[in-house]
């Protein structure tokens, strides 16, 4: 299915503005340093769109702005800012999780070493703040400062979510309430920021920013539950990493916690084996495959997305400008079909 022309234009604009910003901001940087940043952002491989990632966060920001009657082009500094913030978090997450691949390629820390990967992540974090300051060209100082405050707060929340994700790897007694807390910080808060900034930068919009943030959080949580499904049952080419990595890293994902509650043999095997061998992972995967966990996880993701679509109708009154945003969220759910 072809993308909506507006979505195609937004994708092209995000990539163009991102490249232009990096070229200017890193004009005096060593070529080899710039190469690492460009590699992370997916520009060093010809015709490989997978290397760039989905760019879903900046796209959502622009689509929300447009759906509320704003000029999405003015919001591009915020869009490229959240994309760089996202990529900085991915670089650090990959080091902490010891992930070997990202988007079907070697992770930064594997290719250039941990020290340079940390440095590259720090650079993208700084550049994210710098890019956001570009809002001053089209918006008031107060709006630009409010956007920066939200970005910085979200950055802190991302680290909290990652802290819980790492801490949960060693904790065997966890509940779904624990899981939801972790997911809010790990995935929900950044997408929530995109909805908030999209509303903030839609000039003359009377939308309630707190409700937009809540809607973005719901999208993020639904996205993460679906990502947990893909992390065990997804196509490795589609997800850009091994579909054994979540189990190998003892991630307390949604299907794992449901299995803890419903499958005593799964829970007992999990606790008795640490670390996991390839045989252990195969055994655990078979237990899951012979249960309803796969279906239950997908149903939970669908329920969350259904709640999102109900809220979309309440918050966005212009059906024409809403349609591209709705299409994009629908395509997110189609990842696991």
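The values are calculated or read from the model by the stated rules, or taken from the named source; none is laboratory data. Here the structure is a predicted model, which means the values were calculated and not measured. Positions of Cβ are generated from backbone atoms using ideal geometry, with glycine treated the same way; all protein chains shown enter the neighbour counts.
Out of curiosity, is residue 226 buried (at least 18 other Cβ atoms within 10 Å of the Cβ) and part of a helix (DSSP H, G or I)? Against the criterion (buried (at least 18 other Cβ atoms within 10 Å of the Cβ) and part of a helix (DSSP H, G or I)), residue 226 qualifies. A count restricted to region 183-209 and to residues that are in a helix (DSSP H, G or I), free of Cβ contacts under 8 Å to residues at least 60 places away in the same chain and closer than 23 Å to residue 73 by Cα stands at 4.
Restricting attention to region 290-307, and to residues there that are without any contact (Cβ under 8 Å) to a residue 24 or more places away in the chain and either in contact with a strand residue (DSSP E or B) (Cβ under 8 Å, 6 or more places away or on another chain) or part of a helix (DSSP H, G or I) (or both), which single residue is farthest from residue 264 (Cα to Cα)? Top of the filtered list is 306.
With respect to (1) in contact with a helix residue (DSSP H, G or I) (Cβ under 6 Å, 6 or more places away or on another chain); (2) in a helix (DSSP H, G or I); (3) surrounded by fewer than 17 Cβ atoms within 10 Å (Cβ to Cβ), the lone exception for residue 24 is condition (1).
Here is a yes/no grid of residues against (1) modelled with pLDDT of 95 or more; (2) buried (at least 16 other Cβ atoms within 10 Å of the Cβ); (3) at negative phi:
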| residue | (1), (2), (3) |
| --- | --- |
| 236 | no, no, yes |
| 250 | no, yes, no |
| 263 | yes, yes, yes |
| 306 | no, no, yes |
| 314 | no, no, yes |
| 317 | no, no, yes |
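Take the conditions over 19 Å from the mean Cα position of the chain (by Cα) and closer than 23 Å to residue 166 by Cβ and apply them to residue 113. Does it pass? Criteria met by residue 113.
Checking the structure you have, find out if any residue of region 166-182 is farther than 17 Å from residue 86 by Cβ, without any contact (Cβ under 8 Å) to a residue 40 or more places away in the chain and assigned to a loop (DSSP other than H, G, I, E, B). Within region 166-182 (the criterion being farther than 17 Å from residue 86 by Cβ, without any contact (Cβ under 8 Å) to a residue 40 or more places away in the chain and assigned to a loop (DSSP other than H, G, I, E, B)), the answer is yes, since at least one residue qualifies. Taking the condition within 20 Å of the chain's Cα centre (by Cα), at pLDDT 95 or above, assigned to a helix (DSSP H, G or I) and within 18 Å of residue 144 (Cα to Cα), does residue 37 pass? So residue 37 does not fit the description; no. Exactly one residue out of 120, 115, 79 is closer than 18 Å to residue 58 by Cα, in a helix (DSSP H, G or I) and either out of contact with any strand residue (DSSP E or B) (no Cβ under 9 Å at 6 or more places or on another chain) or at pLDDT below 95 (or both), and it is 79.
Within the set 62, 85, 100, 90, the sole residue that is within 19 Å of residue 220 (Cα to Cα) and surrounded by fewer than 21 Cβ atoms within 10 Å (Cβ to Cβ) turns out to be 90. Of the numbered criteria (1) over 30 Å from residue 72 (Cβ atoms); (2) modelled with pLDDT of 95 or more, the one residue 325 fails is (1).
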